[in-house]
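Trainee: Pasting a structure below so you can have a look.
The values are calculated or read from the model by the stated rules, or taken from the named source; none is laboratory data. Computed from a predicted structure; not experimentally measured. Note that each Cβ is placed from the backbone with ideal geometry, even for glycine, and that neighbours are counted across all protein chains shown.
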Amino acid sequence: MIKHFAIGIVTLAVILSPWVTGGKYELHIATMVAIMGMLALSMNLMLRIGQLSMAHGAFMGLGAYTTALLCMKLNMPPVLAIVIAGLMVGLIAIVLGTIFLRIKGIYFVLLTYAFGEIINLIFQEWVSLFGGNNGLYGVPKLSAFGYRLTDPGTYYLLTVVFVAATYLLIRKIFRSNIGAILDSLEQDEPLSQSLGVNPLSWRIGVFAVSAMLASVAGSLYAFKIGFLSPQAFSFSLSVDLVVMNVVGGALSPIGPLLGALIIVPLPELLRSVKDYQLLCYGVVLLVFLVFFRDGLMGLIKKTQKAAI
Amino acid sequence: MIPLIEQIIVNGLLSGFAYIVMALGFTLIFGIMRMVNFAHGELYMIGAFTVLVFYGVLKLDFITSVILAIAVAVIVGALIERLLFRRFVGMELGGMIMSLALSIILQSLALIIFGPAERSVDRPFTGVWAIHHAVIAIDRAVVAMGSLIILAAFYTFLRYTRTGLAMQAVAQDRDTAGLMGVESNSIYLIAFAIGSGLAGVAGALMAPIYTISPYMGHLPLLKAFVVVILGGLGSVPGAVLGGLIIGLVESAFATLFNSTIALIASFVIVLLIIIVRPSGLLGKRQ
């Protein structure tokens, strides 16, 4: 009980700290942590069924560009734009999933990789619609019910609400019967099939939900930054999401959040050693993969066990 | 119309051969170790940078530089197999993520050593041949011929040497091969080194044609993926067939439209093929 209380206090302190210190810069980083945390959670959903998706950068980008363009070109209300973009991306994932997930194993990674790269090329080359490498300027601020959300502090709290909802959703999924089914797909597919589970439709379902979450995170990103460029949604974003899961630990949904909390501010902290930033990043990832396979959450659990 | 078609076919074959060499290394490593190497593009990059150093800076001749590039890629490949990939055999997801980490590390090392600028080396061969209606740039033809020589050598190795046969045996059934006295660990090492050498030679041959930068491995890796999925993962003949098809498709669409549309077209063709044949044109049915 006291332990839960302490965890609650620490979480609340972490969430509120940038708001209290109130610096614009801290708020920006904190908002990015929340958005990336949401994306890392969506990737966690894929990793839990044993699939590595390299298309999540593209899904986020599709969500961001679609939302921005619906608002800018069709004057659509932002909330409606977020929903439509999410549904569109979910539909794309269902169509892709029926093709990509038919064969087990690594075809999925290779195909999502190719899909992600091609979507990014389209963002770059279709200049009249997406603005190309110069980017898409002038995304409006988020507004709903006649209220324009311009204050960075309020926007930050909104993203926290979204990431918390995503966290609760994923925790709920994995503590329910659905979670048991999904785990069984990863561990023993023939067995779960023999119990009447259709592995393909479950996989496609997870892929679609995960893609939709990435899309919504992309929408939040678009309203936050106000400017979209293809580089933000490249292959390396998908890799970052995997890194967050590996460093935090992919076995529980807290892991990816912890990963986002560490990885997102890292470039800011390593600014003085800019040339070695990418190298540090790769080496840290490798060290975790070789020595701490269950990430920080795994380490925490291990020390807890040792203490008992 | 006919000259255009001839030119499309010639261009398609020229780039197809280069794709084959890149895809072959990838599919070989997968076929034998069941591991996806996301750092395969970085071995291509290493090959190109070796040519930059020996041919561009130290002014050795081009052929020697290409041979040195193969040697460097083979050594790097053997090292990363021994130190990293071997630990992850049988762990599909972990192995893939590890190779992503390795790809980041190799890119950043190149970035630290050579900087982010795009570099180029002088073309060792210039000029064009005109054959019938088609025009062939000699440097592209050299790449294609180099690729053909490598393909022939690779085929001979796989078909007629004991090690080559042992590699095929491990690819088909590791346990049975083990019972026959084939040590899978040494086969892994050899396969990985050869696969890396193939990526290295592709990068070395392409170095004078494209610009050289730490991130140059990205696009060849993407093409290798597309070729390998089309031909069937782990299948050597599949990589050859896939490389030729993708080369021709890209050449046609790049001539008629542009290179982005060509890439999209080849992806769509791959999707259509795997809807009909999920394991690729020549892949093993699962």
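Trainee: Looking only at residues in region A:260-281 that are buried (at least 18 other Cβ atoms within 10 Å of the Cβ) and within 14 Å of chain B (Cβ to nearest Cβ), which one is farthest from B:PRO116 (Cα to Cα)?
Mentor: It comes out as A:ILE263.
Trainee: A further question follows. Consider A:ASN177 carefully, then state whether it is of a type in the set (S, T, N, Q) and touching a residue at least 12 places away in the same chain (Cβ under 8 Å).
Mentor: No, not satisfied.
Trainee: Looking only at region A:87-105, decide whether some residue is away from chain B (no Cβ under 14 Å) and modelled with pLDDT under 85.
Mentor: no
Trainee: Only residues that are over 22 Å from A:VAL95 (Cβ atoms) and touching a Phe, Trp or Tyr at 6+ places or on another chain (Cβ under 7 Å): list them for region B:233-286, please.
Mentor: Passing the criteria: B:LEU233, B:GLY234, B:GLY243, B:ILE246, B:GLY247, B:ALA262.
Trainee: I need the full set of residues from region B:222-252 which are more than 9 Å from chain A (Cβ to nearest Cβ) and within 23 Å of A:SER234 (Cβ to Cβ), in order please.
Mentor: Those that are more than 9 Å from chain A (Cβ to nearest Cβ) and within 23 Å of A:SER234 (Cβ to Cβ): B:LYS223, B:ALA224, B:VAL227, B:ILE246, B:GLU250.
Trainee: Further question on the same structure: Among B:ALA110, B:ALA101, which is under 22 Å from the mean Cα position of the chain (by Cα) and facing chain A (nearest Cβ under 7 Å)?
Mentor: Sole residue among the options that is under 22 Å from the mean Cα position of the chain (by Cα) and facing chain A (nearest Cβ under 7 Å): B:ALA101.
Trainee: A further question follows. Would you point out which residue out of B:SER103, B:SER108, B:SER147, B:SER99 is of a type outside the set (A, V, I, L, M, F, W, C) and touching a Pro at 6+ places or on another chain (Cβ under 8 Å)?
Mentor: It is B:SER108.
Trainee: Let me ask something else about it. Consider B:ARG123 against the criteria (1) under 23 Å from the mean Cα position of the chain (by Cα); (2) surrounded by fewer than 18 Cβ atoms within 10 Å (Cβ to Cβ); (3) part of a helix (DSSP H, G or I); (4) modelled with pLDDT under 95: it satisfies all of them except one. Which criterion is unmet?
Mentor: Unmet for B:ARG123, out of (1) under 23 Å from the mean Cα position of the chain (by Cα); (2) surrounded by fewer than 18 Cβ atoms within 10 Å (Cβ to Cβ); (3) part of a helix (DSSP H, G or I); (4) modelled with pLDDT under 95: (3).
Trainee: Right, next: Look at region A:49-90 and say how many of its residues are surrounded by fewer than 24 Cβ atoms within 10 Å (Cβ to Cβ) and either of a type in the set (Val, Ile, Thr) or without any contact (Cβ under 8 Å) to a residue 12 or more places away in the chain (or both).
Mentor: Of the residues in region A:49-90, 10 are surrounded by fewer than 24 Cβ atoms within 10 Å (Cβ to Cβ) and either of a type in the set (Val, Ile, Thr) or without any contact (Cβ under 8 Å) to a residue 12 or more places away in the chain (or both).
Trainee: Kindly list, by first and then second residue, each pair from a residue in region B:254-277 that is within 17 Å of B:TYR19 (Cβ to Cβ) and facing chain A (nearest Cβ under 7 Å) to a residue that is surrounded by 18 or more Cβ atoms within 10 Å (Cβ to Cβ) and among the aromatic types (Phe, Trp, Tyr), limited to pairs with Cβ atoms under 8 Å and residues at least 6 apart or on different chains.
Mentor: Hits for this filter: B:PHE267/A:PHE115.
Trainee: Working carefully through the options B:VAL249, B:VAL227, B:VAL268, find the one that is under 30 Å from B:ALA169 (Cβ atoms) and assigned to a helix (DSSP H, G or I).
Mentor: Only one candidate passes the filter, namely B:VAL227.
Trainee: Cβ-Cβ distance below 7 Å, separation of 6 or more or different chains: which pairs start in region B:76-93 with a residue that is closer than 20 Å to B:THR50 by Cβ and end on one that is at pLDDT below 90?
Mentor: Cβ pairs passing all conditions: none.
Trainee: Test of understanding: among A:ILE49, A:ILE84, which residue is aliphatic (A, V, I, L, M), within 18 Å of the chain's Cα centre (by Cα) and farther than 14 Å from A:ALA217 by Cβ?
Mentor: Being aliphatic (A, V, I, L, M), within 18 Å of the chain's Cα centre (by Cα) and farther than 14 Å from A:ALA217 by Cβ holds for just one of A:ILE49, A:ILE84, which is A:ILE49.
Trainee: If you check every pair at least six apart or on different chains, which have Cβ atoms under 9 Å apart with a residue in region A:210-236 that is charged (D, E, K, R) first and a residue that is surrounded by fewer than 21 Cβ atoms within 10 Å (Cβ to Cβ) second?
Mentor: Sorted first by the residue in region A:210-236, then by its partner, the pairs are A:LYS224/A:HIS28; A:LYS224/A:MET32; A:LYS224/A:PRO152; A:LYS224/A:TYR155.
Trainee: Sticking with this structure for a sec: When only residues in region A:106-136 that are within 12 Å of chain B (Cβ to nearest Cβ), of a type outside the set (A, V, I, L, M) and over 19 Å from B:ILE229 (Cβ atoms) count, which is surrounded by the most Cβ atoms within 10 Å (Cβ to Cβ)?
Mentor: Among residues in region A:106-136 that are within 12 Å of chain B (Cβ to nearest Cβ), of a type outside the set (A, V, I, L, M) and over 19 Å from B:ILE229 (Cβ atoms), the one surrounded by the most Cβ atoms within 10 Å (Cβ to Cβ) is A:PHE123.
Trainee: Sticking with this structure for a sec: Which helices (runs of 4 or more DSSP H) sit wholly inside region B:27-117 and have at least 2 residues that are at negative phi, of a type in the set (Phe, Trp, Tyr) and at pLDDT 95 or above?
Mentor: Helices (runs of 4 or more DSSP H) meeting the threshold: B:40-51.
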